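Presented below is the structure to which this report refers.
The values are calculated or read from the model by the stated rules, or taken from the named source; none is laboratory data. Since we're looking at a predicted model, the values are computed, not measured. Here the Cβ positions follow ideal geometry from the backbone for every residue, glycine too, while neighbour counts run over all protein chains shown.
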Amino acid sequence: MRRLALAVLVLGAAVLAPTAAAKVTYCAPTGDYCTSVKKVNGVRYLRITSFAFNGRVKICVSKGGRVCHSFRLTKAGPAYGLNIRWRRHYPDRGAGTYRVSFFLGAQRLGPVLAFVK
């Protein structure tokens, strides 16, 4: 019985814990766009760069609730891009895993990215 309880506890912790392989960047296989939630010099940036589309994108951040904002891509050399500071636009809900989704209209762009604070 003790082994079963321990196994359930370990399995539950593995499911709930953020993985070391949590994606912080993604590029479409076609190379049309890339998204990122990387930290640079201590600042968490939410980024998207596109060679295939321009206009507005929606970025949603989830942790204990979901907050979405729409932003306009701007011309950056041969591509369009967006580079925003997470703390400036989204609530800091303390330590834990934050999940970030990028959308063009109703279409999600790539997988949900995640970062741990």
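Scanning the stretch 84-117 for residues that are in a strand (DSSP E or B) and within 18 Å of ASP32 (Cβ to Cβ) gives SER101, PHE102, PHE103, LEU104, GLN107, ARG108, LEU113. Across the stretch 61-72, a minimum of one residue is classified as of a type in the set (Ser, Thr, Tyr) and part of a strand (DSSP E or B). Is there any pair linking a residue in the stretch 91-107 that is farther than 19 Å from LYS58 by Cα to one that is part of a strand (DSSP E or B), with Cβ under 6 Å and at least six apart or on different chains, and which? So the pair list comes out as THR97/ALA114; THR97/VAL116. Across the stretch 27-57, the qualifying residues are those that are under 21 Å from PRO78 (Cα atoms) and of a type in the set (Val, Ile, Thr), and the one among them that is farthest from the chain's Cα centre (by Cα) is THR30. Given the residues LYS23, LYS58, which is the only one that is buried (at least 16 other Cβ atoms within 10 Å of the Cβ), touching a Cys at 6+ places or on another chain (Cβ under 8 Å) and at pLDDT 50 or above? Testing whether each residue is buried (at least 16 other Cβ atoms within 10 Å of the Cβ), touching a Cys at 6+ places or on another chain (Cβ under 8 Å) and at pLDDT 50 or above leaves just LYS58.
Within the stretch 59-74, residues that are under 16 Å from LYS117 (Cβ atoms) have Cβ atoms under 6 Å from residues that are aromatic (Phe, Trp, Tyr) and modelled with pLDDT of 95 or more in these pairs: VAL61/TYR90; VAL61/TYR98; LYS63/TYR98; VAL67/TYR90, counting only partners at least 6 apart in sequence or on another chain.
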